[in-house]
Amino acid sequence: MATLELHGLVKRFGGVTVVDGIDLTIPDGAFVCLLGPSGCGKTTLLRLIAGFVAPDAGEIAVGGKRVSAPGSVVPPERRGMSMIFQSYALWPHMTVEQNVGYGLRVRNLPADEVRRRVATICAATQLEPLMKRYPSELSGGQQQRVALARALVVEPQTLLLDEPLSNLDANLREEMRFEIRRLHDEFRYTTVYVTHDQSEAMATADLIVVLNAGRIEQAGTAEDIYRRPSSAFVARFVGGANVLPGRLAGLATPFSIRLEDIELVAAPGAGAAGAVRGTVVRRVFLGSSRDYVVEADGELVRVTTPPHVDVQPGEPVWLGFPPERCHPIESVPAGGS
Ligand code: ATP
């Protein structure tokens with residue numbers, strides 16, 4: 001069992017608190033993404049889980065056994081975990097086959113067993129035709145597969161990935177995220193995946209943990225987080241929702257609404273009940289949609305429409321805000337709506 005339990009985890013660097021009281025349970029076999037902007041502490045949290053970094057407070061347990069606490073850290077190689085780094089970190093002087101088998105050879109497994117396990121994992125990661133090549137003879141995506149195979153061949157209970165796709169082009173990123181999820185489903189280890197890319201998190205994870213300034217802002221399924229953001233930060237960071245002032249139950253309340261949930265109609269035609277008049281400030285054609293920025297009631301509102309809705313900058317529009325698509329949120333951080 002590789003259930004990971006994080007209790008009150010704190011890490012400071014030079015007086016700055018980078019991980020600030022994290023409580024999180026990651027069930028055995030789950031695929032969890034740590035999602036947040038640059039500098040929010042994702043990598044530090046992953047390194048705490050791996051055992052590369054010791055906490056200043058709190059503890060980590062794996063399968064009910066404590067592996068990290070201040071002053072007592074079980075080393076990475078004794079946690080049943082493999083980690084994949086952004087840079088892949090392949091050995092340049094070893095072939096694919098030797099790179100993949102490295103973790104087994106240092107464990108002194110018999111040569112026969114090393115060969116058998118390397119062959120199995122290279123088949124699962126579609127590396128068989130490349131086994132005699134060196135890393136410099138591989139594309140970025142192929143190197144990423146070698147890093148995956150090398151991490152998986154030791155049969156970890158937990159796989160940790162730190163921005164594993166950031167060096168790949170957009171098409172390959174999409175292909176590899178499905179590959180990472182497919183391998184997870186095939187081998188059923190626990191995965192913790194760090195990314196700042198919301199679509200990567202939404203495409204792969206069972207549970208998304210949104211981090212901001214070392215704390216958990218919200219944890220939930222992709223749909224929970226997208227549809228019901230619990231703070232202005234989450235609403236904006238995941239999907240770039242509008243956070244606007246509104247009035248609800250007689251109280252001034254900010255609410256979030258997704259770009260695609262606002263109805264935009266060219267004025268002077270009649271707007272829907274409760275619609276607000278505004279002026280198009282900016283318009284971008286994106287093929288399958290158009291993105292607008294509309295100034296209305298002193299706010300800049302972002303709207304996505306189907307491509308056939310075509311209104312020029314400077315022209316008036318009506319914006320409709322269907323009440324069932326408006327989600328009240330508790331706070332708007334300093335710095336505006
Ligand atoms: P990114 O997406 O840019 O990698 P991140 O969310 O992974 O960011 P971390 O790498 O965890 O963020 O860093 C969080 C903060 O801690 C940053 O301000 C960083 O400069 C600082 N930090 C990280 N490691 C160290 C260290 N070893 N010594 C001092 N400060 C550090």
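The values are calculated or read from the model by the stated rules, or taken from the named source; none is laboratory data. Everything quoted here is computed from the prediction, not taken from an experiment. Backbone-built Cβ (ideal geometry, glycine too); neighbour counts: all protein chains shown. We work out accessible area using only protein heavy atoms, side chains counted, and drop any ligands, DNA or RNA first. Shrake-Rupley method; radii C 1.70, N 1.55, O 1.52, S 1.80 Å.
This table checks each residue for (1) touching a residue at least 60 places away in the same chain (Cβ under 8 Å); (2) small (Gly, Ala, Ser); (3) over 30 Å from Thr195 (Cβ atoms).
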| residue | (1), (2), (3) |
| --- | --- |
| Val243 | yes, no, no |
| Asp261 | yes, no, no |
| Ala266 | no, yes, yes |
| Ala270 | no, yes, yes |
| Arg282 | no, no, no |
| Phe285 | no, no, no |
| Pro306 | no, no, no |
Only one of Asp185, Asp112 is open to solvent by less than 90 Å² (accessible area, probe 1.4 Å) and in a helix (DSSP H, G or I), namely Asp185
Before we move on, is Arg258 under 27 Å from Glu299 (Cα atoms) and open to solvent by 60 Å² or more (accessible area, probe 1.4 Å)?
-> no
Going through the stretch 122-138 one residue at a time, which ones are in contact (Cβ under 8 Å) with a residue 12 or more places away in the chain, open to solvent by 10 Å² or more (accessible area, probe 1.4 Å) and of a type outside the set (Lys, Arg)?
-> Ala124, Gln126, Leu130, Met131, Tyr134, Pro135, Ser136, Leu138
What residue, of Val238, Val210, is among the hydrophobic types (A, V, I, L, M, F, W, C), in contact with a strand residue (DSSP E or B) (Cβ under 6 Å, 6 or more places away or on another chain) and under 28 Å from Glu175 (Cβ atoms)?
-> Val210
Output for Cβ contacts, cut-off 9 Å, separation at least six or different chains, first residue more than 11 Å from Val238 (Cβ to Cβ) in the stretch 212-223, second among the charged types (D, E, K, R), reads Ala213/Asp20; Gly214/Lys11; Gly214/Asp20; Arg215/Asp20; Ile216/Asp23; Thr221/Asp206
Could you tell me whether Leu45 is aliphatic (A, V, I, L, M) and either open to solvent by 30 Å² or more (accessible area, probe 1.4 Å) or within 16 Å of the ligand (Cβ to nearest atom) (or both)?
-> yes
